[in-house]
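Input: a single structure, listed below in structure tokens.
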Amino acid sequence: MRKVYLESLLRQDIGWYDTVQDSRFVSGVSEDIGKVQEAGEKLGLCIYYLFTSVMCFTVSLYYGWLLTLIVTPVIGVVAVVVSSFQARMTVQEQKAYTKSGSIAQEVLANIKTVMAFSGQRKEFKRYDDGSVFALTAGKKRGLVSAIGNGTLWFFNYVSQALALWYGIKLILDGERTCGTESTFTSQNLLIVYFSIFFGLINIGQSLYYLDVISIGRGAAAAIYKVIDRVPVIDSYADTGIVPSQRLSGTVEFLNVTFSYPSRQDVQ
């Protein structure tokens, strides 16, 4: 991915570099791709924990479908909502860090000019103002993660209490189990309880990896935006007509005007 990303950067035309705002190319090669790589590594663990939780809930459905259907839906809804909010906040945080990183890159690239005109305080204020947005976005993401995880574990413990209470009620009422004529017993209650318990634990474990994956998705969006862009003048293109012999002639420009892509109204 680093090679493809670097090739895409070198492939772009000069006009694109004039219009792009978040020119955080160096950190994109090192930091953003590292986040994508980490997300790919954690994806396997996340799938493992989610698959284990699915199997636990399958067992609990077989031994006590009514108890399982009453206890687990709220946990699933909370997990989906928390994951979606984390992904949204992560994208905003990545954009904010990109803006402040581009300011630092610009200053370091022109450090001689900054020092010659004593612009240290001015540039520091620019970077500080850009970092405020990143700090705010990071606080929002942390707050959403904290509230989401706290809410999830709150419903986790509530579900355990509900499972014990309603399981005992099913035993006393003589409720039948799924697909059999036998009644709901204390053995069924223990199987369903511990299956739901371990299923919820695995969901809690997967939430950490979902957070890492969300960060990787936000970084991948910026990377693939560059990779998927095809410039107007593609220096890597091998299509078109290739002359079989050397050409010679005169090129004449008539009524030609020029304007920068970032200032189309000025010629």
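The values are calculated or read from the model by the stated rules, or taken from the named source; none is laboratory data. All values derive from a computational prediction rather than experimental measurement. Neighbour counts run over all protein chains shown; Cβ positions are idealised from the backbone, glycine included.
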Which of the residues that make up region 130-150 are of a type in the set (D, E, K, R) and surrounded by fewer than 18 Cβ atoms within 10 Å (Cβ to Cβ)?
-> 139, 140
Which number in (1) of a type in the set (S, T, N, Q); (2) surrounded by 12 or more Cβ atoms within 10 Å (Cβ to Cβ); (3) at pLDDT 75 or above marks the one condition that residue 262 misses?
-> (3)
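Here is a yes/no grid of residues against (1) of a type in the set (S, T, N, Q); (2) in a loop (DSSP other than H, G, I, E, B):
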residue: 170; (1), (2): no, no
residue: 191; (1), (2): no, no
residue: 213; (1), (2): no, no
residue: 217; (1), (2): no, no
residue: 221; (1), (2): no, no
residue: 224; (1), (2): no, no
residue: 234; (1), (2): no, yes
residue: 238; (1), (2): no, yes
residue: 244; (1), (2): yes, yes
Regarding residue 78, is this residue at pLDDT below 70 and closer than 27 Å to residue 186 by Cα?
-> no
Does residue 245 qualify as being at negative phi, more than 35 Å from the chain's Cα centre (by Cα) and either exposed (fewer than 10 other Cβ atoms within 10 Å of the Cβ) or of a type in the set (S, T, N, Q) (or both)?
-> yes
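Here is a yes/no grid of residues against (1) within 11 Å of residue 68 (Cβ to Cβ); (2) modelled with pLDDT under 80; (3) of a type in the set (S, T, N, Q):
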| position | (1), (2), (3) |
| --- | --- |
| 159 | yes, yes, yes |
| 163 | yes, yes, no |
| 166 | yes, no, no |
| 176 | no, yes, no |
| 180 | no, yes, yes |
| 192 | yes, no, no |
| 200 | no, yes, no |
Residue 117 vs (1) among the hydrophobic types (A, V, I, L, M, F, W, C); (2) over 29 Å from residue 146 (Cβ atoms); (3) at pLDDT 80 or above: all pass except (3)
